[in-house]
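Below is one structure, written out as structure tokens; the observations come after it.
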Amino acid sequence: MTAMKAKASTALTKRLILIVNNKGGVGKSVIARQLADVLRETGKVIEVYDTDGGTGSLLLANGSRDENGALLREQDAKVGIGYFDIRLDRDRSKLLDNLSSGADTIVCDMAGGSLGEISRIIDDGDGVDGFINAAERHGYQIVIMNVLSNVQGATTSVRDYLKAFGERAQHVAVINTTWGKDEADFPFWYGYDAADGTRKGGKTKQEFQALGGKEIHFPALQPGNFAKADAAQMPFSQYVKLEDLTITERERVNKFNQKAREAFLEIANIIGL
């Protein structure tokens, strides 16, 4: 059910950023890692959560650790990565309850298939109006950050979030260029010409644009570099400072970090930069 337009009772000066795609493996956690670094440079109060329980890749990479490098069980979401499991009845409400902190921006790396779980928090599975109303009452503008790979399911997920949240959220499409550099590499998002000459795909992008959605392109890191950075289990901003990197590796990560920052700056007003 499409969210109905309603006037918020307070000015929406804060952000609840949900990094989403119902399709798994599109790169949500990588985007979340970079976004956390960029937002925390602002000096604002930023809370970051992994909603995939205690084993999510965002938590493992950016979570706070003790002097021996062990991940701390108790995480301060303003410094490390808070976590809960959006799929569990006992945890699901934390997506809203965490707003009580009043943080300037709250970023949530949402597990695959989370849209249905969001609809169950207040609305008993019937839309998300109650969820949006609660966020707005606490001064939070919801930002849906859709991470796109080149598979059809990833584009279908964007359509599902557009239908659910409609005008009551701001929508961002993050084209993850790990999956391709050109529009032809993302046929379901940009559209393509079939063999019979008909135009297929691209309708979701048109609906997205009609709602004022903004599109950015997220950079790709050379696969070998990314594998090493991922294994290091630390924020990219820290990884680039490791002494055992070669000059080439360090410069590739520097470029990756800079390109990610530039992409987020394109939507600075939307994400509260």
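Being basic (K, R) and over 30 Å from N68 (Cβ atoms) is the filter here, so list the residues in the range 190-248 that pass it.
Scanning the range 190-248 gives R199, K200, K203, K205, K214.
Does any residue in the range 226-253 that is in contact (Cβ under 8 Å) with a residue 12 or more places away in the chain and over 16 Å from A36 (Cα atoms) come within less than 8 Å, Cβ to Cβ, of a residue that is open to solvent by 80 Å² or more (accessible area, probe 1.4 Å) and assigned to a helix (DSSP H, G or I) six or more places away or on a different chain, and which pairs are these?
Pairs that qualify, where the first residue is in contact (Cβ under 8 Å) with a residue 12 or more places away in the chain and over 16 Å from A36 (Cα atoms) and the partner is open to solvent by 80 Å² or more (accessible area, probe 1.4 Å) and assigned to a helix (DSSP H, G or I), are E249/K228.
Looking at the range 215-262 only, could you name the residues that are farther than 20 Å from S149 by Cβ, of a type in the set (A, V, I, L, M) and not in a loop (DSSP other than H, G, I, E, B)?
A231, A232, I247, V253
Give the number of residues within the range 55-86 that are crowded, with 20+ Cβ neighbours inside 10 Å and among the β-branched types (V, I, T).
2
For the range 215-273, which residues satisfy the criterion of being open to solvent by 20 Å² or more (accessible area, probe 1.4 Å) and at positive phi?
Residue satisfying the conditions is Q233 alone.
For the range 10-54, how many residues meet the condition of being surrounded by fewer than 24 Cβ atoms within 10 Å (Cβ to Cβ), closer than 18 Å to S100 by Cβ and hydroxyl-bearing (S, T, Y)?
Residues in the range 10-54 being surrounded by fewer than 24 Cβ atoms within 10 Å (Cβ to Cβ), closer than 18 Å to S100 by Cβ and hydroxyl-bearing (S, T, Y): 2 in total.
From the set of residues in the range 5-34 that are part of a loop (DSSP other than H, G, I, E, B), under 17 Å from V158 (Cα atoms) and not small (G, A, S), which is modelled with the lowest pLDDT? Reasoning before the result, please.
Taking the range 5-34 as the starting set, the residues that turn out to be part of a loop (DSSP other than H, G, I, E, B) are 5-13, 21-27.
The next check asks that each one be under 17 Å from V158 (Cα atoms); those that pass are 21-27.
With the extra rule that they be not small (G, A, S), the set shrinks to 21-23, 26.
Working: N21: 93, N22: 87, K23: 83, V26: 90.
Among residues in the range 5-34 that are part of a loop (DSSP other than H, G, I, E, B), under 17 Å from V158 (Cα atoms) and not small (G, A, S), the one modelled with the lowest pLDDT is K23.
Just to confirm my filter: which helices (runs of 4 or more DSSP H) fall fully inside the range 79-180 and include at least 1 residues that are under 16 Å from I270 (Cβ atoms)?
Working: elements: 89-92, 94-97, 114-121, 129-137, 152-165.
Once the helices (runs of 4 or more DSSP H) in the range 79-180 are filtered for at least 1 residues that are under 16 Å from I270 (Cβ atoms), what remains is 129-137, 152-165.
Say we look at the range 87-118 and pick out the residues that are of a type in the set (K, R) and surrounded by 14 or more Cβ atoms within 10 Å (Cβ to Cβ); which of these is farthest from G139 (Cα to Cα)? Lay out the reasoning, then the answer.
Of the range 87-118, the ones of a type in the set (K, R) are 87, 90, 92, 94.
Okay, now just the ones that are also surrounded by 14 or more Cβ atoms within 10 Å (Cβ to Cβ), so 87, 92, 94.
Values: R87: 25, R92: 20, K94: 17 Å.
Residue satisfying both the conditions and the ranking: R87.
The values are calculated or read from the model by the stated rules, or taken from the named source; none is laboratory data. As the structure is a prediction and not an experimental result, all values here were calculated from the model. Using ideal geometry, Cβ is built from the backbone for each residue, glycine included, and neighbour counts are taken over all protein chains shown. Ligands, DNA and RNA are stripped out before the accessible areas are found, and what is left, the full protein with its side chains, is counted by its heavy atoms. Shrake-Rupley method; radii C 1.70, N 1.55, O 1.52, S 1.80 Å.
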